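The values are calculated or read from the model by the stated rules, or taken from the named source; none is laboratory data. These numbers were taken from a predicted model, which means no experiment stands behind them. FYI the Cβ positions are ideal-geometry reconstructions off the backbone, even for glycines, and counts take in every protein chain you see. Ligands, DNA and RNA are stripped out before the accessible areas are found, and what is left, the full protein with its side chains, is counted by its heavy atoms. Shrake-Rupley method; radii C 1.70, N 1.55, O 1.52, S 1.80 Å.
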Amino acid sequence: MSDIFDETATVESNEAVAVGHCRVRLHAPWIAAAAQPGQFVNVQCGGRTLLRRPFSFSRVVGESFEIVVRIIGEGTRRLSKAKLGDDLPVLGPLGRGFELTGQVKRAVMIGGGCGIGPLEMLGRALIENDVETTALLGCQNQDTLPLNPDELQQIGIETSVAVMTGKGGHVGPVTDLLEEYLDRAASVEGRMLFACGPWGMLRKVAELAEQHEERCQVLLEEMMGCGMGACMSCACEVFLPDGGTTNKKACTDGPMFWADEVNWNARD
Ligand code: FES
């Protein structure tokens, strides 16, 4: 495991980026220097919320990192109201991030809702490594998309959007776009799928990856308590080489898992 840093981060910016979502930039030099795509940071959101909340890194800018926050409870509501100059205790980087080896030559990123956040950092790393990259982004409607697709287009990532209702892209689940892509684009050596989003979306991505014999990494968005491997609140069932199953901790064994190691039927 790489080094974990306990820092007091200063809020550098905090802006609404979509309905129910904000993007917070925190100055924390040690964590920013060590953060890898797919890893996360635990943030003490202030007030009476003693538990730190986990947020994936969505971008590193100099000595700061950014997180995309979906506002769903007291902690995230407080974070969404943090002001410039506020100090927040942060711990990270935590968890196992995406595996980016030189063998990845072509990448398809599939993101749903708040799961789009970590794909932004991943996409930038892939482009820096000269990996031809496509992004498929899904959300409820255009107003809830937490990332402007133009930002990915501008750095050379071909990007498509799917919405469940309204306009702004394909109407339907983002996995429709993946299915179309895999049917259209013949498999090439070194292609890798990377996905982050809700369980149902990841399960479908894993199914398509298996059908098309594609390697696929998924970032599990599990409920987390400690974020450090102590409480087991993030347990998820994975397969063992002998076909049996065992529980692993999303916070320390993941949150990145290979799609074919997760038991997607464990929650039926
Ligand atoms: Fe406590 Fe994973 S969040 S063990």
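Listed by position, the strands (runs of 3 or more DSSP E) contained in the stretch 9-118 that have at least 1 residues being surrounded by fewer than 18 Cβ atoms within 10 Å (Cβ to Cβ) and in contact (Cβ under 8 Å) with a residue 60 or more places away in the chain are 87-94, 106-112. With respect to the conditions (1) more than 26 Å from residue 2 (Cβ to Cβ); (2) open to solvent by 70 Å² or more (accessible area, probe 1.4 Å); (3) not basic (Lys, Arg), residue 182 falls short on a single one, namely (2). State whether one or more residues within the stretch 119-126 are in contact with a Cys (Cβ under 9 Å, 6 or more places away or on another chain) and closer than 18 Å to residue 215 by Cα. Within the stretch 119-126 (the criterion being in contact with a Cys (Cβ under 9 Å, 6 or more places away or on another chain) and closer than 18 Å to residue 215 by Cα), the answer is yes, since at least one residue qualifies. Among the residues of the stretch 29-49, is any of a type in the set (A, V, I, L, M), touching an Asp or Glu at 6+ places or on another chain (Cβ under 8 Å) and within 23 Å of residue 145 (Cα to Cα)? No, the stretch 29-49 contains no residue that is of a type in the set (A, V, I, L, M), touching an Asp or Glu at 6+ places or on another chain (Cβ under 8 Å) and within 23 Å of residue 145 (Cα to Cα). Contact map, the stretch 217-236: residues that are more than 24 Å from residue 107 (Cα to Cα) paired with residues that are more than 6 Å from the ligand (Cβ to nearest atom) and of a type in the set (Asp, Glu), Cβ distance under 7 Å, separation 6+ or inter-chain. Pairs shown: 234/222; 236/222. Pairs are defined by a Cβ separation below 9 Å, a sequence spacing of at least 6 or placement on different chains, a first member in the stretch 241-268 that is more than 24 Å from residue 109 (Cα to Cα), and a second member that is surrounded by fewer than 21 Cβ atoms within 10 Å (Cβ to Cβ) and of a type in the set (Ser, Thr, Tyr); the pairs so defined are 266/245. At least 3 residues being touching a Cys at 6+ places or on another chain (Cβ under 7 Å), away from the ligand (no atom under 16 Å from the Cβ) and within 27 Å of residue 102 (Cα to Cα) is the threshold, and among the helices (runs of 4 or more DSSP H) wholly inside the stretch 144-244 those reaching it are 199-211.
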